[in-house]
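A short write-up of the structure that comes next.
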């Protein structure tokens, strides 16, 4: 892909920013509307992926997210099955270090009483989001080129029409999906702990009292709805920007020998710095989740 002289820099960047999308294909009618054909398949262009609409699936995001989640569960389950109090293995030491870090974070951020879901949820979010972010350190051409060449060899398709994004957290569908799950837990515990009347009273009477009820409802509703959007879009924006920098650096390799040498230095430097970013974004997502659920337990 990067080595093909017929591919422009703009095409190269767009190719790496497009998901492998599966959905129902559509055709344009004489009236200018898009009509479903009943034929399902993979999109061969960004425009076709957009036309597939809401029920299309970004296969690469789903596949990698599930694989990374399974890897996370396999690791902790393997450690739990072989745990020893005598001479712990390096894997056990690492797992205990991560769990202790999560426990300390939960103790410092959650004061809403006893909730056995918060710590496991925090552990799952931190490790899962970290692994998804970690895919950003894989060379941008490695997996997409392997998938494209494999699809070309097996199915005879044009490799330039095969898309594969390797960082699930650069897909807003993934980040907003996780944020909406957290939002659902917030609402669940808000109604469970405070009751329907208590929760609606917070939306109606805070922060200015009962005499400013319309203003309170508007402010509290906006504040409530802003939580999942800020949670999901913050992760997406930071990881998308980081991936874009890696892609731009990769375009320098084919420019000239001097720029190619500079690109190598930039790639190493950005990768080292990006380790901090991917860890920090996983930590922020986890901490905000804990704080939002803690807020659902608090009575104003």
Practice prompt. Inspect all residues belonging to the stretch 90-111 and state whether any of them is modelled with pLDDT under 90 and buried (at least 16 other Cβ atoms within 10 Å of the Cβ).
Written response: yes
Worksheet entry | Breaking point among (1) at pLDDT 90 or above; (2) out of contact with any helix residue (DSSP H, G or I) (no Cβ under 7 Å at 6 or more places or on another chain), for residue 155 | (1)
Response to the item:
Among the residues of the stretch 23-78, the number that are over 23 Å from the mean Cα position of the chain (by Cα), touching a residue at least 12 places away in the same chain (Cβ under 8 Å) and either assigned to a strand (DSSP E or B) or exposed (fewer than 15 other Cβ atoms within 10 Å of the Cβ) (or both) is 11
Worksheet item: Going by the structure shown, is residue 250 in contact with a helix residue (DSSP H, G or I) (Cβ under 9 Å, 6 or more places away or on another chain) and either free of Cβ contacts under 8 Å to residues at least 24 places away in the same chain or not in a helix (DSSP H, G or I) (or both)?
Response: no
Practice prompt. Being part of a helix (DSSP H, G or I) and out of contact with any helix residue (DSSP H, G or I) (no Cβ under 6 Å at 6 or more places or on another chain) is the filter; apply it to the stretch 79-89 and report the residue that is surrounded by the most Cβ atoms within 10 Å (Cβ to Cβ).
Written response: 80
Worksheet entry | Enumeration of residues in the stretch 218-253 that are surrounded by 15 or more Cβ atoms within 10 Å (Cβ to Cβ) and over 19 Å from residue 138 (Cα atoms) | 219, 220, 224, 227, 228, 231, 232, 233, 234
Discussion item. Suppose we filter 200, 187, 213, 180 for residues that are part of a helix (DSSP H, G or I) and modelled with pLDDT of 95 or more; which single one remains?
Written reply: 180
Discussion item. Can you tell me which condition residue 135 does not meet? The list is (1) assigned to a helix (DSSP H, G or I); (2) buried (at least 18 other Cβ atoms within 10 Å of the Cβ); (3) in contact with a helix residue (DSSP H, G or I) (Cβ under 6 Å, 6 or more places away or on another chain), and all the others hold.
Written reply: (3)
Fill in: Of the criteria (1) buried (at least 17 other Cβ atoms within 10 Å of the Cβ); (2) within 29 Å of residue 41 (Cα to Cα), which one residue 180 fails
(1)
Item to complete: Looking only at the stretch 90-97, decide whether some residue is over 23 Å from the mean Cα position of the chain (by Cα) and in a loop (DSSP other than H, G, I, E, B).
Response: no
Fill in: Exclusive hit being surrounded by fewer than 12 Cβ atoms within 10 Å (Cβ to Cβ), more than 28 Å from residue 106 (Cβ to Cβ) and more than 18 Å from the chain's Cα centre (by Cα), set 273, 205
273
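The values are calculated or read from the model by the stated rules, or taken from the named source; none is laboratory data. Because the structure is predicted, anything quoted here is derived from the model rather than measured. Please note: Cβ atoms are built from the backbone with ideal geometry, for glycine as well, and neighbour counts cover all protein chains shown.
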